[in-house]
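Working notes, structure below.
Read the figures in this text as sums done on the coordinates, not as results from a lab. Quick caveat: nothing in here was measured; it's all calculated off a predicted structure. Here the Cβ positions follow ideal geometry from the backbone for every residue, glycine too, while neighbour counts run over all protein chains shown.
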Amino acid sequence: MDHAASARVVPPTGFTARLTLVTAAAMAFLAVFALALSLATDRLATRWSDALARSATVRITAPAEEMDTRLDSVMKVLGETPGIRTFRALDDSEMDALLQPWFGADLPLDALPLPRLVELNESAQGIDAKGLQLRLDAEAPGAVLDDHTRWRRPLVAAAERMRFLGILSLLLIGGAMAGMITLAAQAALAANVQVIRTLRLIGAQDRFIALAFVRRFTGRGLAGAAAGTALGMIAVAFLPAANDAGGFLTGLGFSGAGWLWPLFIPVLAGIVAYGATQMAAMRMLKGIR
């Protein structure tokens with residue numbers, strides 16, 4: 001008996017066919033969003049981390065009468081430090097904008113002993129943070145260099161966790177799909193017990209019978225996953241594009257070559273369906289006498 005003959009053993013329609021198609025489509029749809037979330041979070045954390053890595057801040061604390069002198073000393077040190085592309089002192093309006101989210105718009109800056117901030121951007125060469133801090137200690141006491149290391153570490157950790165959660169979600173989705181396809185295959189086998197026994201009487205081997213179910217359910221899983229993936233990619237394409245105002249919530253789509261990743265979902269779904277049906281079929285056939 002050839003492969004075409006074996007495929008006719010499984011009824012082409014029925015509850016198990018619809019269950020397999022709908023399950024594969026739903027799981028693939030969810031997998032697209034899990035993949036988009038993982039990739040978008042990784043991009044966002046990388047972008048924030050890179051931006052912080054190229055910038056630093058010098059915080060100057062001093063009595064009011066000495067603040068201008070300390071600021072001039074800091075500006076002189078920064079101007080002589082290699083690896084700094086640009087630097088500038090923040091004015092009162094910029095300080096007010098930084099503090100408004102925390103203290104409101106009516107903060108009396110003149111009445112508060114606020115430190116002065118100097119923002120600097122590094123060149124590709126980078127700076128020697130320890131050496132710069134030592135020189136600031138010597139020439140401008142009270143000036144502290146913040147290279148944003150403490151801000152970058154949580155972002156890197158968050159990206160790693162989100163990548164792990166994305167992979168875990170995809171594994172759980174694959175496991176759920178494998179379980180549902182296994183149940184559908186077992187139901188189809190149980191519904192065709194008499195057919196299986198008749199096939200055995202005329203000389204069909206279990207391998208031939210299992211092949212019929214494997215081919216049919218793998219095809220259903222592949223078709224359903226392809227449909228679910230297409231719907232998921234369309235839904236992701238209509239999400240708002242990334243922008244600075246929306247931040248993370250407007251950057252959940254794929255970017256560039258990232259659109260190729262969802263195309264692997266139907267292939268993986270077909271592999272999962274093949275393995276799940278193969279194991280279910282052989283196990284059920286051993287129990288049918």
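Annotations
- Helix runs (DSSP H) in the chain reaching 24 Å along axis by Cα, Kyte-Doolittle at least -0.5: 15-53, 149-191, 206-237, 264-287
- Cα-based shape type of the range 62-141, given that a ≥ b ≥ c are square roots of the gyration tensor eigenvalues and the cut on a/c is 1.5: oblate
- Distance from the alpha carbon centroid of the range 41-93 to that of the range 142-182 works out to 30 angstrom.
- Sorting 217-229, 175-187, 144-156 by average packing, meaning the other beta carbons within 10 Å per residue, from highest down gives 217-229, 175-187, 144-156.
- Given the choices [x] 132; [y] 177; [z] 204, volume of the Cα convex hull per residue in Å³ derived from the coordinates of this structure is entry [y].
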